[in-house]
């Protein structure tokens, strides 16, 4: 019975990912499932509205001085569909980058402001843990990138988050809260409800 409950709990947490067949996460060594889900929603919306594939790499891999992100991206060529934009977050060497499949795509966003949206989170002095800062930074930077690309195409995004650390934190807290409620219902709420219901029938 416990094994079945664990499976149901995992399914409840991963269900949002199953709803979106598009997978924008090329490599993930930093992101929480809730952030992956939100990034997937944003990426799918950008693909649907602008016909542009967007991807995220969140890695602990080192980037030595002079090492180009385009060379690093060559490792994942089979995972990319053109046209594409890839947001790379590598805090090991404090690197944030954006790689595109064409020069034309570079004109759809301002690289400096997108990077600043992510770097500003990590550099901020607040109570968030470094892990949380990394998650917020990737979500905020990727969201800013998607917003700018969509705006360049005359499109308004609905799944992106505001370029504001506090508001992004609230979004993440809300997503985690919903997931916690589902787990609570599966493990505690439903068993209690079933016992009461069966007791009433007797």
Legend entry - Spin-label model distance (nm) - residue 29 vs residue 198, 7 Å beyond Cα toward Cβ: 4.8 nm
Legend entry - Listed peptides 137-150, 97-110, 26-39 by packing density, highest first (mean Cβ within 10 Å): 137-150, 26-39, 97-110
Legend entry - Cβ-Cβ FRET estimate between residue 155 and residue 113, R0 fixed at 25 Å, reported to 0.05: 0.85
Inset, instruction - Tell me, rounded to the nearest percent, the portion of alpha carbon pairs in the stretch 14-93 spaced more than 18 Å apart. - result: 43 percent
Inset, instruction - Give the order of 127, 51 when sorted by the count of other beta carbons within 10 angstrom, beginning with the fewest. - result: 127, 51
Inset, instruction - Provide the convex hull volume over Cα atoms per residue for the stretch 43-150, in Å³. - result: 105 Å³
Inset, instruction - Would you mind calculating the relative contact order of the stretch 102-153 from Cα pairs under 8 angstrom and at least 6 residues apart, reporting the percent as a whole number? - result: 49 percent
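Values quoted throughout were computed directly from the atomic coordinates according to the rules given, and no laboratory measurement underlies them. Everything numeric here is computed off the predicted structure, so don't read it as measured data. Every residue, glycine as well, gets a Cβ built from its backbone with ideal geometry; the counts of neighbours run over all protein chains shown.
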